[in-house]
Amino acid sequence: MRRARTWLPGLLLVAPSIVAIGVFVYGMLGWNIQLAMTDKHSEVAEGNFVGLKNFIDIWDLPRWHLSVNHAILFTIVFVLGALVLGWFLAFLMEKGIRGEGTFRAIYLFPMAISFVATGIVWRWLMNSGTGERAVGLNRLFDAIGLPQWAWFRDPDWGMAAMAIPAIWQMSGYVMALFLAGFRGVPEELREAARVDGCTEWGVYRHIVLPLLRPVTLSALIILGHISLKVFDLIVAVSGKQIITDVPAVFMWVAVFDSHDPAKGATIATYIVLSVAIFVIPYLIWSVRKDRRS
């Protein structure tokens, strides 16, 4: 009874959360995987077990290959763009500019906006109209003599343009992470490096940047899992178009337009697995780091 008094109150406190997560997260994941292993390709089908057949057959669909390629391109541009821009903004803020609080609030403000609202605004900014029909950025480019772009309607680089609103929205958050990392580097280490003859760039290269690896890894994981499951931004900007198709949009079309629950569950399982590739190694690294400390 004495031992129970030490852990039982805490267990009772977190028990509702454990049950809710077990049912609505892992339980639903299990149900989704079970559905993906059936032949329930219509809402009235019984759904007999077929194993991994759906996971193999989906690679024969040209649209699936296209959506995966789009997701990869979007992820690369979005993650690298947000990391570079966020790091650069944090670097400027770390130098102690005037009005730092105001600039920090301005950079962080886009994160308070939903991807849907961001997509609606950027759909107008990235309108592909040219000449007299140009609006948004194309109108600005025309006024200053720059070439006008097709933006997200470009068949080759449309997904790269689609990443621009996401970079705009998340770079402030990455800036906050890196700024906290910059401020966490002891000034004594920087001064010791300068005394040893290290230039300012050398201080950042050999002292600051290595100490920011955990922050960089955290930002990479966060941005990566956001990009792999992106849906609302794509739909808000371009709708359910093939030219900007990603697995999450394909899943929506499969379930609610084509009425194919098994195919939608298969795509959803692949999305979960792709996110797990980012998250699980990070969790393992975090646990090992905590044990060593």
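The values are calculated or read from the model by the stated rules, or taken from the named source; none is laboratory data. Keep in mind it's a predicted model, so treat the numbers as computed, not measured. Neighbour counts run over all protein chains shown; Cβ positions are idealised from the backbone, glycine included. These accessible areas exclude ligands, DNA and RNA; they are computed on the full protein's heavy atoms, side chains included. Shrake-Rupley method; radii C 1.70, N 1.55, O 1.52, S 1.80 Å.
Details
- Where a residue in region 264-293 is without any contact (Cβ under 8 Å) to a residue 40 or more places away in the chain and its partner, wherever it lies, is surrounded by 14 or more Cβ atoms within 10 Å (Cβ to Cβ) and aliphatic (A, V, I, L, M), with Cβ under 9 Å and at least six apart: GLY264/LEU35; GLY264/ALA36; GLY264/MET251; GLY264/VAL253; GLY264/ALA254; GLY264/VAL255; ILE277/LEU228; PRO281/ILE221
- Selection within region 236-263 - touching a residue at least 60 places away in the same chain (Cβ under 8 Å) and of a type in the set (S, T, N, Q): SER238, THR244
- In region 136-153, the residues that are loosely packed, with under 15 Cβ neighbours inside 10 Å and assigned to a loop (DSSP other than H, G, I, E, B): GLY145, LEU146, PRO147
- Region 166-201, subset of a type in the set (Val, Ile, Thr) and within 16 Å of ALA90 (Cβ to Cβ), residue surrounded by the most Cβ atoms within 10 Å (Cβ to Cβ): VAL174
- Residue in region 32-51 that is among the hydroxyl-bearing types (Ser, Thr, Tyr) and in contact with a His (Cβ under 8 Å, 6 or more places away or on another chain) present: yes
- Residue match in region 85-105 (condition: in contact (Cβ under 8 Å) with a residue 12 or more places away in the chain and either on the phi > 0 side of the Ramachandran plot or β-branched (Val, Ile, Thr) (or both)): no
- Flag for ASN69 being closer than 21 Å to ALA276 by Cβ, of a type outside the set (Phe, Trp, Tyr) and more than 26 Å from the chain's Cα centre (by Cα): no
- Residue within region 273-280 that is farther than 18 Å from VAL79 by Cβ and modelled with pLDDT of 90 or more present: yes
- Matching residues in region 196-242 - criterion: being over 19 Å from ILE113 (Cα atoms) and of a type in the set (D, E, K, R): ASP196, GLU200, ARG205, ARG213, LYS240
- Residue check, TRP124 part of a helix (DSSP H, G or I), within 30 Å of PRO186 (Cα to Cα) and open to solvent by 40 Å² or more (accessible area, probe 1.4 Å): no
- Test result for ILE144, out of contact with any Leu (no Cβ under 8 Å at 6 or more places or on another chain) and closer than 30 Å to GLY264 by Cβ: no
- Helices (runs of 4 or more DSSP H) enclosed by region 1-113 - at least 1 residues per element that are touching a Ser or Thr at 6+ places or on another chain (Cβ under 8 Å), aliphatic (A, V, I, L, M) and open to solvent by less than 60 Å² (accessible area, probe 1.4 Å): 28-36, 62-94
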